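Participant: Supplied in structure tokens, the structure appears directly below.
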Amino acid sequence: LSKAMKVIVDVGQEYGRTFGRPYGVFDGYAMDDAELAIVVLGSTAGTARTVVKELRKKGLKIGVLKLRVFRPFPAAELVTALQGVQAVAVLDRSISFGAMDGAGPVFLELAAALYAAGAKTKAVNYIYGLGGRDVLPDYIERVGKELQEIAGTGKVKSLVNYLGLRE
């Protein structure tokens, strides 16, 4: 596994030299001055970027990290990318049954990485897309507003939350 990360990075750089678009272990959007962040895998990152663009117009300093690699988990790289971020939401499309509060797999890995690094960043998990449900921009906007509240109070009300489920 320790060699896999180097291969992934090298291949991403080679691809960039060949085609003009490098690939890292994640893509960052609006992270340069972000105080809040959303970490997500897959196509939902596009929806998150669109919403973040609008939230930034409203003055919210929020960014998106789209993970390209889950295994090996890029713990050190993510911790570095999230330095200075007060609160981070991890969007997971699945539940890890039997895990702490039924949290998702990406959240569990990121929370462990932040803890191991001694980071003070507050982290919260959102489970979405269960049963093939769509993720709507309103859901991501809710996440942004809740991150703002967490950053302001320093408190996470609910560690694991659900988006788009009927109650």
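Participant: Keeping to region 158-167, report how many residues are open to solvent by 30 Å² or more (accessible area, probe 1.4 Å) and not small (Gly, Ala, Ser).
Facilitator: Of the residues in region 158-167, the ones open to solvent by 30 Å² or more (accessible area, probe 1.4 Å) are 158-159, 162, 165-167.
Now drop any that are not not small (Gly, Ala, Ser), which leaves 159, 162, 165-167.
Residues that pass the stated criteria total 5.
Participant: Something else: So which of 104, 59 ends up being modelled with pLDDT of 95 or more and on the phi > 0 side of the Ramachandran plot? Working first, answer last.
Facilitator: Working: 104 fails: on the phi > 0 side of the Ramachandran plot.
Among 104, 59, only 59 is modelled with pLDDT of 95 or more and on the phi > 0 side of the Ramachandran plot.
Participant: Can you pull out the residues in region 55-93 that are open to solvent by less than 50 Å² (accessible area, probe 1.4 Å), in contact with a helix residue (DSSP H, G or I) (Cβ under 9 Å, 6 or more places away or on another chain), farther than 16 Å from residue 152 by Cβ and among the small types (Gly, Ala, Ser)?
Facilitator: Those that are open to solvent by less than 50 Å² (accessible area, probe 1.4 Å), in contact with a helix residue (DSSP H, G or I) (Cβ under 9 Å, 6 or more places away or on another chain), farther than 16 Å from residue 152 by Cβ and among the small types (Gly, Ala, Ser): 63, 75.
Participant: Under 7 Å between Cβ atoms, which residue pairs at least 6 apart in sequence (or on different chains) link something in region 4-31 that is more than 14 Å from residue 78 (Cα to Cα) and without any contact (Cβ under 8 Å) to a residue 24 or more places away in the chain with a partner that is assigned to a helix (DSSP H, G or I) and among the aromatic types (Phe, Trp, Tyr)?
Facilitator: Taking only residues 6 or more apart or on different chains, the pairs are 22/15.
Participant: Can residue 101 be described as acidic (Asp, Glu), within 17 Å of residue 44 (Cα to Cα) and either touching a residue at least 12 places away in the same chain (Cβ under 8 Å) or open to solvent by 60 Å² or more (accessible area, probe 1.4 Å) (or both)?
Facilitator: Answer is no for this residue.
Participant: Are any residues in region 123-167 closer than 19 Å to residue 96 by Cβ and of a type in the set (S, T, N, Q), and if so, which ones?
Facilitator: 125, 158, 161
Participant: Could you say which residue among 155, 145 is part of a helix (DSSP H, G or I), open to solvent by 70 Å² or more (accessible area, probe 1.4 Å) and more than 21 Å from residue 72 (Cβ to Cβ)?
Facilitator: Unique residue meeting the criteria: 145.
Participant: Test of understanding: among 97, 70, 107, which residue is under 17 Å from residue 24 (Cα atoms) and aromatic (Phe, Trp, Tyr)?
Facilitator: 70
Participant: Another one. On the basis of being open to solvent by less than 30 Å² (accessible area, probe 1.4 Å), in contact (Cβ under 8 Å) with a residue 60 or more places away in the chain and closer than 22 Å to residue 149 by Cα, does residue 114 make the cut?
Facilitator: It is false that residue 114 is open to solvent by less than 30 Å² (accessible area, probe 1.4 Å), in contact (Cβ under 8 Å) with a residue 60 or more places away in the chain and closer than 22 Å to residue 149 by Cα.
Participant: Right, another one. Please count how many residues of region 28-43 are closer than 22 Å to residue 94 by Cα and surrounded by 22 or more Cβ atoms within 10 Å (Cβ to Cβ).
Facilitator: Total meeting the criteria: 4.
Participant: Which members of region 1-27 meet the condition of being touching a helix residue (DSSP H, G or I) at 6+ places or on another chain (Cβ under 8 Å) and open to solvent by 30 Å² or more (accessible area, probe 1.4 Å)?
Facilitator: 21, 22, 23, 24, 26, 27
Participant: Something else now. Is it true that residue 150 is among the β-branched types (Val, Ile, Thr), touching a strand residue (DSSP E or B) at 6+ places or on another chain (Cβ under 9 Å) and more than 19 Å from residue 44 (Cα to Cα)?
Facilitator: Against the criterion (among the β-branched types (Val, Ile, Thr), touching a strand residue (DSSP E or B) at 6+ places or on another chain (Cβ under 9 Å) and more than 19 Å from residue 44 (Cα to Cα)), residue 150 qualifies.
The values are calculated or read from the model by the stated rules, or taken from the named source; none is laboratory data. Note that this is a predicted model, so its numbers are computed, not measured. All Cβ positions, glycine included, derive from the backbone under ideal geometry; neighbour counts span all protein chains shown. Protein only, heavy atoms only, side chains kept; ligands, DNA and RNA dropped before computing areas. Shrake-Rupley method; radii C 1.70, N 1.55, O 1.52, S 1.80 Å.
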